[in-house]
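Have a look at the structure below, then the notes.
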């Protein structure tokens, strides 16, 4: 995908009109040069009044068409970038979670930020490039009018110049592509700087090793590739300028010896070539920006294809079943593929049946598959084999979005929104205020029209705000992944002995991933995982009849 085809996706009619007006502006500017050259060469032989009227008319056309072209292309460009950002975000959100985890956050962030910005920078140049190209075309047309033989020589010279620049441009773009590939690694290291700041501060040798071996090497490679690519583009720009000076010298010194030219015609050539230098200089100087945009568009296209191949069916979900009877996992498996092991790590096959009003603890060591099982139950991971059924209804690509709406979740690596997004109820603020009091946060946080007054709290308090959102979602099944790990002993006890039993008494099903074994006696069932397999599924208390 190139820049023009990218713009054409938004509106080909607007692109056509904008390019036409741009070329009209450039052509009018070239006509002004021809008019000036003619008036200089013919002197007093022509009417100054007619020249003045023509000059004013051409200047007016050049000005108005230039403004029209720029306004239309600027609006089109900004609309295209706007659509690109939204389209990428929608594609990411519509892609299978396991595929996104495999791609990695650094690649996605680099595409959403740097690649989109590179395209945006290039798109801003399009209106001016159209006008510059029109000026070049108009000036060449004027040269044809003066002498087609001279035009033929200019075209021959241009072909030689472009041929000599082609290798520089292609090689430069290859280096910029390498720089863009290295940028994914660089973004990964930047995340290490922000996410691992505490660990790096506490370990001097680790910090120095990270700076010198990881970050510095990646940044140096990125700098090296960028420098080489941009140097080749700079050489192309300088070579282009030299070619034009050579063309002027050729017209002044060599051309009169090859053919008979009068001084007026010669001055027209020189004036035209001199005027051509500015738009040609602009065109050549835009090559690095266009080169980066070309690399960025290839990256965006590549990511888009990758996301589209693993896209999920998205549809407005039907109302959820607040009253349900049975959730079953039948021989469900999930496989983690790794570069080192073709077979990967397999979770399952797992057979489970969940019922309303159950408090279920999911336990096991680190790496036993607890979080994977949770994502399978939630419908975030698509089973490699087996099936999930809600009240006998198989969950597939067509209803998975609907199925996910039955769960209110707080993950161990949760994200806290500063607004209660998607919860549109008249009594939302009052309901949230009551929940804040239950969570003992009413003295720190207030809610006005669904917006939290602050999220700058301790990790444990932030988790309570995430729990607040889960309460307000009013969904039939809750899942908490190590929720109490960051809570003080007092509120940890409140969570296990008050909040969870209250939810259960309301008929909610609670799945709780936990290591707090001294609260296990509160559960109706304990499911223990070991190396991806269910070691046991043990009921602790008789389940009340539904």
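The values are calculated or read from the model by the stated rules, or taken from the named source; none is laboratory data. Keep in mind that this is a model prediction, so the values were computed, not measured. Heads up, the Cβs are rebuilt from the backbone with ideal geometry, glycines too, and the neighbour counts pull from every protein chain shown.
Details
- Within the set 436, 428, 452, the sole residue that is more than 27 Å from residue 363 (Cα to Cα) and surrounded by fewer than 20 Cβ atoms within 10 Å (Cβ to Cβ) turns out to be 428.
- Some residue of region 463-479 being over 30 Å from residue 323 (Cα atoms), surrounded by fewer than 17 Cβ atoms within 10 Å (Cβ to Cβ) and assigned by TED's automatic domain parsing to the domain that holds residue 379: no
- Annotation note: Cβ proximity below 9 Å between a residue of region 129-153 that is without any contact (Cβ under 8 Å) to a residue 60 or more places away in the chain and at negative phi and a residue that is surrounded by 18 or more Cβ atoms within 10 Å (Cβ to Cβ) and part of a helix (DSSP H, G or I) (sequence gap 6+ or interchain) occurs for 140/30; 140/154; 140/272; 140/276; 144/150; 151/143.
- Residues in region 46-80 that are under 16 Å from the mean Cα position of the chain (by Cα) and surrounded by fewer than 19 Cβ atoms within 10 Å (Cβ to Cβ): 78, 79.
- Pair list, Cβ under 6 Å, 6 or more apart: region 209-234 residue farther than 17 Å from residue 187 by Cβ, other residue modelled with pLDDT under 80 and surrounded by 15 or more Cβ atoms within 10 Å (Cβ to Cβ): 230/288; 232/168; 233/287; 233/288
- Among the residues listed as 178, 170, the single one being modelled with pLDDT of 75 or more, assigned by TED's automatic domain parsing to the domain that holds residue 294 and closer than 24 Å to residue 283 by Cβ: 170
- Residues (at pLDDT 85 or above, surrounded by 18 or more Cβ atoms within 10 Å (Cβ to Cβ) and farther than 27 Å from residue 487 by Cα) located in region 515-546: 534
- Residue 127 meets the conditions (1) over 24 Å from residue 295 (Cα atoms); (2) modelled with pLDDT under 75 in every case but one. The failed one is (1).
- When 379, 357, 364 are screened for being surrounded by 15 or more Cβ atoms within 10 Å (Cβ to Cβ) and touching a strand residue (DSSP E or B) at 6+ places or on another chain (Cβ under 6 Å), only 364 passes.
- Scanning region 318-342 for residues that are in a strand (DSSP E or B) and either at pLDDT 80 or above or surrounded by fewer than 11 Cβ atoms within 10 Å (Cβ to Cβ) (or both) yields 327, 328, 329, 330, 331, 332, 333, 334, 335.
- Qualifying position, being in a loop (DSSP other than H, G, I, E, B), within 33 Å of the chain's Cα centre (by Cα) and not assigned by TED's automatic domain parsing to the domain that holds residue 173, among 374, 315: 315
Each row is one residue, and each column tells you yes or no for (1) in contact with a helix residue (DSSP H, G or I) (Cβ under 9 Å, 6 or more places away or on another chain); (2) at pLDDT 80 or above; (3) surrounded by fewer than 17 Cβ atoms within 10 Å (Cβ to Cβ); (4) in the same structural domain as residue 281 (by TED's automatic domain parsing).
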site	(1), (2), (3), (4)
139	yes, no, no, yes
146	yes, no, no, yes
157	yes, no, yes, yes
195	no, no, yes, yes
199	yes, no, yes, yes
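- The residue list 504, 475 contains one member that is in contact with a strand residue (DSSP E or B) (Cβ under 9 Å, 6 or more places away or on another chain) and at pLDDT 90 or above, which is 504.
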